[in-house]
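S.K.: Take this structure first; my questions come after.
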Amino acid sequence: GLKVVSPWSAADAKGLLKAAIRDPNPVIFLENEVMYGQSFDVPDDDDWVVPIGRANIVREGSDVTITAFSIMVGRALEAADRLAEQGISAEVIDLRTIRPLDTETIVNSVKKTSRLVTCEEGFPFAGVGSEIAMQVMEQAFDWLDAPIARVTGKDVPMPYAANLEKLALPQIEDIVATVVASCEGFRGD
C-alpha cells in the first residue's frame, strides 16, 4: 500500500528517497521547503538507504518522549536542550516515516519515559499526533503517568505574511511549555 515519508536531515532525505525509488509501492515524499536553505551532513556512501517505516531516536531521554517529523525535529531538539536546563530529560524521536508508523519505537520510548508529547505543523484535528496518541493509548496506556499532549499548528488558514505564519505554526516555546506542563507534578520532585 501507500507509504508516506517526511525526512528532517539530508542524510535521511537521501536514504529515504533511494528507498522510495526501490519500493514497489507508491511512496509520497513530503519535503518542507523552509528547510531547503539548511545544511546537513550527507553520507558519502553511494548506496545509503534508510528503511521506510523505521523511526530514529535522535536524542535519548528519561522524563518525556517527544515525537516529530520534518522541520519539527529541529525544533524538538532545540526544545529538548532548553528542557535539559530545567532538569527535564527529553527523548526525541524523528518519525521519518508517517505511514507505516513505527509504533514499536514510540511505544517502547513511552514505556521508558511514561509521558508523550507529539509535535507537528499540521492542524490539531485528525493529524499524525492524533494517530500516535491512539496507538499509545491502545498499546501503552498503563505506562502513562500524564495525559498525552499535542503541539500542533493553529486551526486557521495559513497566512502568507511571515510574522503571521510564525503565530500560526508551533514554535520551540510551545513545545517547552507543553512538556513542562506534562511533567509538572508527575516527576516525584
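S.K.: Output the number of residues of segment 1-35 satisfying the condition of being aromatic (Phe, Trp, Tyr) and either more than 15 Å from the chain's Cα centre (by Cα) or more than 19 Å from VAL73 (Cβ to Cβ) (or both). Can you show your working first?
M.R.: Within segment 1-35, the first condition is being aromatic (Phe, Trp, Tyr), and the residues that meet it are 8, 29.
From what's left, either more than 15 Å from the chain's Cα centre (by Cα) or more than 19 Å from VAL73 (Cβ to Cβ) (or both): 29.
Number of matching residues: 1.
S.K.: Is there a residue in segment 120-128 that is in contact with a strand residue (DSSP E or B) (Cβ under 9 Å, 6 or more places away or on another chain), surrounded by 16 or more Cβ atoms within 10 Å (Cβ to Cβ), without any contact (Cβ under 8 Å) to a residue 40 or more places away in the chain and under 25 Å from VAL50 (Cβ atoms)?
M.R.: Scanning segment 120-128 turns up at least one residue that is in contact with a strand residue (DSSP E or B) (Cβ under 9 Å, 6 or more places away or on another chain), surrounded by 16 or more Cβ atoms within 10 Å (Cβ to Cβ), without any contact (Cβ under 8 Å) to a residue 40 or more places away in the chain and under 25 Å from VAL50 (Cβ atoms).
S.K.: With the requirement that a residue be part of a loop (DSSP other than H, G, I, E, B) and within 14 Å of THR97 (Cα to Cα), what does segment 17-31 give you?
M.R.: Going through segment 17-31, the residues part of a loop (DSSP other than H, G, I, E, B) turn out to be 23-26, 30-31.
Listed by number, the residues that qualify are ASP23, PRO26, LEU30, GLU31.
S.K.: Go through segment 73-82 and count every residue that is farther than 12 Å from GLN171 by Cα and buried (at least 23 other Cβ atoms within 10 Å of the Cβ).
M.R.: Matching residues across segment 73-82 total 1.
S.K.: To continue, here is another question. Out of curiosity, is VAL92 surrounded by 17 or more Cβ atoms within 10 Å (Cβ to Cβ) and not in a loop (DSSP other than H, G, I, E, B)?
M.R.: Values: surrounded by 17 or more Cβ atoms within 10 Å (Cβ to Cβ): yes; not in a loop (DSSP other than H, G, I, E, B): yes.
Yes; evaluated as a whole, the condition is true for this residue.
S.K.: Got at least one residue in segment 47-61 being at pLDDT below 95, surrounded by fewer than 18 Cβ atoms within 10 Å (Cβ to Cβ) and of a type in the set (A, V, I, L, M, F, W, C)? Working first, answer last.
M.R.: First, pick out the residues of segment 47-61 that are at pLDDT below 95: 47-48.
Next, from what is left, pick out any that are surrounded by fewer than 18 Cβ atoms within 10 Å (Cβ to Cβ): 47-48.
Next, from what is left, pick out any that are of a type in the set (A, V, I, L, M, F, W, C): 48.
Within segment 47-61, one or more residues are at pLDDT below 95, surrounded by fewer than 18 Cβ atoms within 10 Å (Cβ to Cβ) and of a type in the set (A, V, I, L, M, F, W, C).
S.K.: Could I ask something else about it? Considering only residues that are touching a residue at least 24 places away in the same chain (Cβ under 8 Å) and either more than 19 Å from ALA68 (Cα to Cα) or β-branched (Val, Ile, Thr) (or both), which ones fall in segment 147-182?
M.R.: Selection gives ILE148, VAL151, THR152, ILE172, ILE175, VAL176, THR178, VAL179, VAL180.
S.K.: Still on this structure: Please go through segment 138-189 and pick out each residue that is of a type in the set (A, V, I, L, M, F, W, C) and within 14 Å of VAL110 (Cα to Cα). Break it down stepwise before answering.
M.R.: Within segment 138-189, the first condition is being of a type in the set (A, V, I, L, M, F, W, C), and the residues that meet it are 140-141, 143-144, 146, 148-149, 151, 156, 158, 161-162, 164, 167-169, 172, 175-177, 179-181, 183, 186.
Matches in segment 138-189: ALA140, PHE141, TRP143, LEU144, ALA146, ILE148, ALA149, VAL179, CYS183.
S.K.: Suppose we filter segment 122-176 for residues that are over 13 Å from the mean Cα position of the chain (by Cα) and assigned to a loop (DSSP other than H, G, I, E, B); how many remain?
M.R.: 20
S.K.: Considering only residues that are of a type outside the set (S, T, N, Q) and surrounded by 12 or more Cβ atoms within 10 Å (Cβ to Cβ), which ones fall in segment 31-42? Outline the logic, then answer.
M.R.: Step one: of segment 31-42, the residues of a type outside the set (S, T, N, Q) are 31, 33-37, 40-42.
Residues satisfying the conditions are GLU31, VAL34, MET35, PHE40, VAL42.
S.K.: How do the pairs read when you match residues in segment 69-95 that are of a type in the set (Ser, Thr, Tyr) with residues anywhere that are at pLDDT 95 or above and part of a strand (DSSP E or B), using Cβ under 8 Å and keeping only pairs 6 or more apart or on different chains?
M.R.: Going by the 8 Å Cβ cut-off, the qualifying pairs are SER89/VAL64.
The values are calculated or read from the model by the stated rules, or taken from the named source; none is laboratory data. Since the structure is predicted, the reported quantities are computational estimates derived from the model, not experimental observations. Backbone-built Cβ (ideal geometry, glycine too); neighbour counts: all protein chains shown.
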